[in-house]
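Here's the structure we're looking at; comments come further down.
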Amino acid sequence: MSRMDSFERNEKKYLIDAEQKRRFLDQIQEYIKPDRFHRYRICNIYLDTPDYRLIRSSMEQPSYKEKLRIRSYGPVSADGKVFVELKKKYLGTVYKRRTVMTPCEADAFVLKKNSCSDISGQVERELRYFIDFYENLIPAMYIGYRREAWQGVPDNSIRITFDDDIFWRTSDIHLESESLFGTRILSGDDSLMEIKCGAAMPLWLSGALAENRIYKTSFSKYGQAYSRLVSAPERRMAG
């Protein structure tokens with residue numbers, strides 16, 4: 001196990017089409033630049049109880065919600081690195097705790113196959129408390145997508161991302177898999193845009209949103225996928 005991170009920031013989400021994205025990016029070009037990696041694929045395994053307790057609770061729109069996932073940036077090898085992330089949201093502010101492990105370490109950690117002596121550090125203790133509280137977490141769903149990421153200039157605390165080709169599945173729930181099959185969440189050339197910032201949104205950004213008629217929405221990839229799962233009775237969780 002290695003480096004651990006904590007984040008606290010505001011996140012706002014917007015569903016936009018290809019033309020809105022083009023106009024919006026053209027308008028704010030002088031205030032942004034591509035981030036370090038810019039375009040990449042994100043792969044997630046969401047952990048939940050067999051009866052989907054976590055996502056069902058989240059979809060009731062409580063003031064506090066939380067989720068646990070294992071994330072990689074593209075498919076990983078057995079000795080590659082993944083992030084075990086605990087994401088909490090309270091009154092619009094997102095708090096994230098994460099630690100870096102190999103896929104094998106992550107599986108052992110979230111499925112409680114290792115001993116308490118393997119736990120070191122505050123973030124890992126927070127993760128383990130969450131895992132112990134829910135007791136019977138299992139890999140519930142795979143969600144993958146492509147991301148295009150920008151950061152603010154000169155204020156690099158501003159981050160703007162566009163996610164597309166978002167798909168989910170409840171089989172082959174492995175980050176080592178290069179399979180890109182699954183059920184799509186968005187149609188056509190639509191994207192999910194997220195704006196992340198640590199303070200109030202600057203005028204250049206709020207102005208560009210208003211001029212392009214881009215409006216904030218409530219959108220959870222896992223929530224959208226779960227809604228489609230329960231509307232299709234033939235689908236079942238892959239344990």
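Restrict the search to the stretch 171-220; then list the trypsin sites (Lys or Arg not before Pro) that DSSP places in a loop and that have at most 11 other Cβ atoms within 10 Å of their Cβ.
Arg213
Is the shape of the stretch 46-174 rounded, prolate or oblate, going by the alpha carbon gyration tensor and its root eigenvalues a ≥ b ≥ c, with a/c under 1.5 for rounded and a/b larger than b/c for prolate?
In terms of gyration-tensor shape, rounded.
Would you list, by chain and number, the lysines whose Cα falls below 20 Å from the Cα of Lys87, excluding same-chain residues fewer than 8 positions away?
Lys12, Lys13, Lys65, Lys67, Lys96, Lys112, Lys196, Lys221
Give me the 1.4 Å probe accessible area per residue for the stretch 1-89, excluding ligands and nucleic acids, in Å².
With the other protein chains kept in place, the stretch 1-89 gives 53 Å² per residue.
For the chain, modelled as a GNM with alpha-carbon contacts under 10 angstrom, which of Val82, Val110, Val153 fluctuates the most?
Result for the chain, Cα springs under 10 Å: Val153 fluctuates most.
As a test, work out the antiparallel percent of DSSP beta bridges whose residues both lie in the chain, rounded to the nearest 5.
Here the share of antiparallel DSSP bridges comes out near 100 percent.
Whole angstrom only: what separates the Cα centroid of the stretch 174-219 from the Cα centroid of the stretch 125-158?
The stretch 174-219 and the stretch 125-158 have Cα centres spaced 15 Å from each other.
Under the classification rounded if a/c is under 1.5, otherwise prolate if a/b is larger than b/c and oblate if not, where does the stretch 32-116 fall, given a ≥ b ≥ c as square roots of the Cα gyration tensor eigenvalues?
Oblate.
Would you please name the GluC sites (Glu not before Pro) within the stretch 134-239 that are DSSP coil residues with at most 11 other C-beta atoms within 10 Å of their C-beta?
For GluC sites (Glu not before Pro) across the stretch 134-239 that sit outside H, G, I, E and B with at most 11 neighbouring Cβ atoms in 10 Å, the list reads Glu135, Glu178, Glu234.
Rounded if a/c is under 1.5, else prolate if a/b is larger than b/c, else oblate: which is the stretch 115-197, with a ≥ b ≥ c the root eigenvalues of its Cα gyration tensor?
Note, shape of the stretch 115-197 comes out oblate.
Can you pull the percent of the stretch 44-166's accessible area that's carbon plus sulfur, 1.4 Å probe, other chains left in place?
The C+S portion of the solvent-accessible surface of the stretch 44-166 is 51 percent.
Please work out how much length the chain gains when fully extended from Arg56 to Val100, using 0.36 nm per residue of separation minus the C-alpha to C-alpha distance, in nm with one decimal.
Computed gain between Arg56 and Val100 is 13.1 nm.
Taking the chain as a Gaussian network, where each spring joins two C-alpha atoms under 10 Å apart, which residue of Leu54, Leu86, Leu205 fluctuates the most?
So, out of Leu54, Leu86, Leu205, the one fluctuating most is Leu205.
Just subtract the alpha-carbon distance of Ser63 and Phe37 from 0.36 nm times their residue separation and send over the number in nm, one decimal.
6.0 nm
Just to verify a number: FRET efficiency for Asp172 and Ser206, C-beta to C-beta distance, R0 = 30 Å, to 0.05?
About 0.15, to the nearest 0.05.
Pick from Asp189, Asp107, Asp48: which is most flexible by mean-square fluctuation in a GNM of the chain where alpha carbon atoms under 10 Å apart are linked?
Asp189
Kindly provide the helix-only [θ] at 222 nm of the chain, computed as the sum of -39,500 (n - 2.57) over DSSP H runs of four or more divided by all residues, to the nearest 500 deg cm²/dmol?
When only DSSP H runs of four or more count, the value is -7000 deg cm²/dmol.
Along the Cα→Cβ direction, 7 angstrom out, place labels at Asp165 and Phe133. What is the inter-label distance in nm?
3.6
The values are calculated or read from the model by the stated rules, or taken from the named source; none is laboratory data. From a predicted model like this one, the values you see are computed outputs, not experimental measurements. Positions of Cβ are generated from backbone atoms using ideal geometry, with glycine treated the same way; all protein chains shown enter the neighbour counts. With ligands, DNA and RNA removed, areas are computed over all heavy atoms of the protein, side chains included. Shrake-Rupley method; radii C 1.70, N 1.55, O 1.52, S 1.80 Å.
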